[in-house]
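The values are calculated or read from the model by the stated rules, or taken from the named source; none is laboratory data. Note that the structure is predicted; figures quoted are calculated from it, not measured. Heads up: the accessible areas ignore ligands, DNA and RNA and are worked out on the full protein's heavy atoms, side chains in. Shrake-Rupley method; radii C 1.70, N 1.55, O 1.52, S 1.80 Å.
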Amino acid sequence: MKTLVVVGHGMVGHRLVEAMRGRDTAGTWRIVVFGAETRPAYDRVALSSYFEGVGADELSLVDPELHTDELVELRLGEQVEQVDTETRVVRTDLGASVGYDALVLATGSYPFVPPVPGHDLPGCFVYRTLDDLDAIKAAAADAVTGDGAGRRSGVVIGGGLLGLEAARALRLLGLSPQVVEIAPRLMPVQVDEGGGALLRRLVSELGVAVRTGVAVQEIKVVSGNGRYSDQRHSRLITRLSDGVELDADVVVFSAGIRPEDGLARRIGLPVGERGGVLVNEHCRTTDERIYAIGECAAISTGGPAGGSGRTYGLVAPGYAMAEVVADRLLGGSATITEVDLDTSTKLKLLGVDVASFGDAQASTEGALEVVVNDPVAGTYSKLVVSDDASTLLGGVLVGDASRYATLRPLVGSALPADPVAMIAPGGVELGADALPDSAQVCSCNAVTKGTLRAAIGGGAHTVPALKGCTRAGTSCGSCVPMLKTLLASEGVEVSKALCEHFSHSRAELFEIVASAGVRTFSELIERHGTGRGCDICKPAVASILASLGSGHIHDGEQATLQDTNDHFLANLQRNGTYSVVPRIPGGEVTPEGLIAIGEVARDFGLYTKITGGQRIDMFGARVEQLPAIWRRLVDAGFESGHAYGKALRTVKSCVGTDWCRYGVQDSVGLAIALELRYRGLRSPHKLKSGVSGCARECAEARSKDFGVIATETGWNLYVGGNGGFSPRHAELLASDLDTETLVRTIDRFLMFYIRTADRLQRTAPWIEALEGGLDHLGEVIMDDSLGICADLDAAMAKHVSGYSDEWRGVLEDPAKLARFTSFVNAPDTPDPTIEFVDRRGQRVPVGHDRGSQPVLIAGPSLQVAR
């Protein structure tokens, strides 16, 4: 049996181990893996999720079965320091010696830290490993809770992919990030000037200060009195080349990476001019027994003995190298090609979609650039095409990357449509048919459309099945929408499963949770799912649990399932602050209530606005201010308006018979009663309602999910209306109902919707999707055709009797309130990166007026440039 030694157990090193064990069915190779870290391989791409509650175990890439594999030996926390190429023996820092028949260097890279004075001071970190993140987390906690109130800022040096991820991480830790980039734009490698300009604006509007075109010259420590100090609560001052000094608690370096090629240099292997072990198209070094893969390898067109070589800092090229080496070690003839070294990226950075693919910078001779820039919508799209406009070469997408899954596989192929129409709003929608079989749908794992079609033909008729047999969609996940499209184009009825972790639909999961008495996500996935869950199923299950009255949404593990708005019980706004919306049923409020709201807004410096739902919205609250604001409002008799939740928002009303000479019923009284009845009712999507006192329809009830219009003898009930991207009028379900029958019918309508609707499905498409549509709905909730009305009535009665205000629930529970205490320590200190200007007598975010800019559209006839 031969021995393979792998030096490095990162993502790429682990991929090699998986490839070898998956292909080496005869067991001809024994694999010994040395990892410098004490943890086995984990997903570095998802590092920032570590600050969102995702544990190290969840980030792990290692199947538990690997630890019992007799042909794999993982030696973690042990580094290879020497290699005797004559005797083919490696020696470690722990004194161990292991012989090898083949050696693979997968040592990865190390973060580049500019050699500026002060770069090694306490409080300066790099953003690379879980240990780094633990250190940053500890420093951030000290900054927020330390003796110096309000010291809650951080500087990130580097505005590339990892730099913006680091900025996001600091925000999740309660710090206000400031990003410094030496290049003239953010993400200079991935996006062009136009995309970088929009990215900067969108990131800045989210409360992240950005400085580009400047370098760091010095980092120093100062105490509160300005003298140099190394005391525990001193500050870090970052001095920039333009003379600006940034005050911070934490400095994070994310200024690029360098190949970790020290071991290769000690062995005497040739390295590239800019570092990296030189390898050929087989990933082999000048020593035929030694290979290099991933970020430490520099692929040289001149062979491993010469040439400058090129390194790749993304996981997809590293995976491709691992597959090539596995094939070679097992007798194959695979080689690395340009297609394998795809540097396409698609990420959501600080909530902003960014994608680049192919020749994004238009470096190909004669390339044309087709640009559609819409500053009002906050989107930038560019396609790079050949000089005859026949072939797609690459592109950049900022603000909206929904077309990425279709466009990226087309790189190198003939354009299927006019390039402007391919990226313009309302342009052509390209389906799976537009892709040739040779198109690489999954760049991370080099899976083509032809391979996926063959798998579908072989019986892989679900997304999880396709993932399992092809690995497509198992890394970054950006190609998953295309997998669904391919299944549909091949005539396969796409599964209604909620996600890959549950084979059930949302409606089926609702029934399982309700009937089995499940009370936690962990219990549900253990009994009825697989894996650890994802950002699709976790909030969906959280909504189901809340709909069934499983306690406060911050109770136990439910808190970790919530999205940003539900996590803080407030709506996140563009500059990183939050809005607070107290419930005002029917829009009716006493003078004392108005005074209380006005005083809160005045004392906390909030922007106030009357909403379209007859409520008062207060904008500009910092996270640490929320509990104090809620306390004032709750003491004044207000409660949460659930503007942040997938729940009932408002029941709008006209003034009804009390004041209006045309009113025929008390619309205000009914609106208040309905809003108080259904407040806090969690559902698949937000719910809105309206009650009009006569046919003049001043409350616009027919544009709501359920709307009521008064008649001379009762009420007409309309259902399935909504605004949004696809406005729809509600349809008449029942006429001239008395109030008791009306309320009972609405009860059943809402509970049936909550039980059977899909995730994030509004009432209008839900009714359309029902077999039999509105007629079937009427039969179910009015004629009890399914025999479930008693259950629906009981479910609503349970909700009404069990309602409690979520704001008050936080204020009365120290454990829940602790989520906000790290910010309450400095309630009067403004976030240094959140800036306001006065506009019409109120404070608004700096840079808020993007809607005043004209729409600029540029394309071939609009702006096609060589």
Expressed in angstrom and rounded, the centroid-to-centroid distance over alpha carbons for the stretch 713-757 and the stretch 87-134 is 62
Rounded to the nearest 10 Å², what accessible area does SER653 show when all protein chains are kept and the probe is 1.4 Å?
10
Using Cα pairs closer than 8 Å and at least 6 residues apart in sequence, work out the relative contact order for the chain, in percent.
9
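Can you tell me the accessible area per residue over the chain, all protein chains present, probe 1.4 angstrom, in square angstrom? Display every interim value, and only then the final one.
Details: 36170 Å² over 866 residues.
Each residue of the chain exposes 42 Å² on average to a 1.4 Å probe.
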Rounded to the nearest 10 Å², the 1.4 Å probe accessible area of THR530 is 80
Using a 1.4 Å probe and ignoring any ligands, DNA or RNA, find the accessible area of ARG728 and quote it in Å² to the nearest 10.
80
Run down the lysines and flag those whose C-alpha is under 16 Å from the C-alpha of LYS2, throwing out any fewer than 8 positions away in its chain.
none
Out of all DSSP beta bridges in the chain, what portion is antiparallel? Express it as a percent rounded to 5.
65
Mind running the shape call on the stretch 1-137? Use the C-alpha gyration tensor, a ≥ b ≥ c as the square roots of the eigenvalues: rounded below 1.5 for a/c, prolate if a/b tops b/c, oblate otherwise.
oblate
Which pairs break 25 Å Cα to Cα here: LYS484/LYS688; LYS137/LYS220; LYS646/LYS816; LYS538/LYS652; LYS449/LYS538?
LYS484/LYS688; LYS538/LYS652; LYS449/LYS538
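Using the Kirkwood radius over Cα pairs, work out the Stokes-Einstein diffusion coefficient for the stretch 650-712 at 37 °C and 0.692 mPa s, in µm²/s as a whole number. Present the calculation step by step, with values, prior to reporting the outcome.
Numbers: Rh = 11.5 Å.
Taking Rh from Cα pairs, D becomes 285 µm²/s.
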Excluding residues fewer than 8 places away in the same chain, name every one of the lysines whose C-alpha is closer than 20 Å to that of LYS382.
LYS346, LYS348
Expressed in angstrom and rounded, the centroid-to-centroid distance over alpha carbons for the stretch 48-69 and the stretch 483-553 is 21
Normalised convex hull volume, the stretch 348-472, alpha-carbon set, Å³ per residue
118
